[in-house]
Amino acid sequence: MKTNFNRRHFANDLLLATFVFVSASLLHVSPSSADDAVAVAATSSADSSSDSGGTTESAPKLKIIGVACSFRAGKTTAQSLQLCLDAAKVVAPDRIEVELIELAGLKLPAEVAAGIPLSEGERDDFPAIAEKLSDPNLAAVIIGTPVYYANMSSLCKVFIERCGVFRKTFALSGKVAGVIAVGGNRNGGQELVIQSVQASLMAHEMLVVGDGRPTGHFGGTLWNNGGDDITEDEFGVQTAQNLGRHVAEVALTRVSQ
């Protein structure tokens, strides 16, 4: 009986040692190219989590990033996202930091997502965006896109495909996500576009939320009637603001758990 016990004890010790070795090895994986930002963020997040138990310093602010996937800088998609982010910050000004990223004018070569290398000297602005999305304090991402023929913009599609770099390690898992769609008409396909973008975000294990009460639907649905002032759509503005509040509330709840 004593011999059997010693064998079981040795087997358990061997299993534990193997687990520790494998876990340590995984923490030191260092992918290249645009993967670097994701890897650094994962390590930083782990470090901050381990240090939080023994410090009395105030916790860093939660970051909520809005990504405007329109070719027109500063227009209705960006305006809608800014309204959404402003509403998110109001929920807890001392705990939430917001940032708007506009993809207009940036170079995001789509072929990189398929593993095709860039041509010599070709510009790629995605690594800088990936670095922001890899911030260990990132709590939520809100994507905004115009509606083109009942679909997201091609810029939004490229952005989503380039974000595949995060899915390799599910670096965005558990982050809160929301979507805004801006159409030329009230029933211009906004909800179809929102659901399409949401499906992509769910593939990252992100926590997708809608605009919450009192409107309580898929997300921010706005229309500009061909103009450049989104505030004329009062109901749409309300959905964008509700989305921002809901995203912030869920993000704060996640942190407090």
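The values are calculated or read from the model by the stated rules, or taken from the named source; none is laboratory data. No experiment lies behind these values; they were computed from the predicted model shown. With ideal geometry, Cβ positions are generated from the backbone for all residues, glycine too; neighbour counts draw on all protein chains shown.
Brief remarks follow.
- The single condition from (1) crowded, with 18+ Cβ neighbours inside 10 Å; (2) on the phi < 0 side of the Ramachandran plot that GLY189 fails is (2).
- Qualifying residues in segment 134-153 (those that are among the aliphatic types (A, V, I, L, M) and buried (at least 23 other Cβ atoms within 10 Å of the Cβ)) - the one nearest to the chain's Cα centre (by Cα): VAL141
- Criterion: closer than 19 Å to ILE64 by Cβ, of a type in the set (Gly, Ala, Ser) and either surrounded by fewer than 24 Cβ atoms within 10 Å (Cβ to Cβ) or at pLDDT 95 or above (or both) - qualifying residue of ALA240, ALA199, ALA203: ALA240
- When VAL112, VAL90 are checked against the criterion of being under 26 Å from ASP233 (Cβ atoms) and aliphatic (A, V, I, L, M), VAL90 stands alone in meeting it.
- Helices (runs of 4 or more DSSP H) wholly inside segment 134-219 containing at least 2 residues that are charged (D, E, K, R) and more than 30 Å from GLU232 (Cα to Cα): 154-162
- In the set (1) within 19 Å of the chain's Cα centre (by Cα); (2) part of a helix (DSSP H, G or I), the condition left unmet by GLY236 is number (1).
- Pairs where the first residue, in segment 195-220, is outside the structural domain of VAL179 (by TED's automatic domain parsing) and the second is part of a loop (DSSP other than H, G, I, E, B), C-beta under 7 Å, 6+ apart: none
- If the condition is being within 28 Å of SER80 (Cα to Cα), of a type outside the set (D, E, K, R) and free of Cβ contacts under 8 Å to residues at least 24 places away in the same chain, then segment 110-130 contributes only ALA128.
- Every condition in (1) aliphatic (A, V, I, L, M); (2) closer than 27 Å to ALA251 by Cβ; (3) part of a helix (DSSP H, G or I) holds for LEU106 except the one numbered (3).
- Among all residues of segment 183-195, there is none that is within 14 Å of the chain's Cα centre (by Cα) and modelled with pLDDT of 95 or more.
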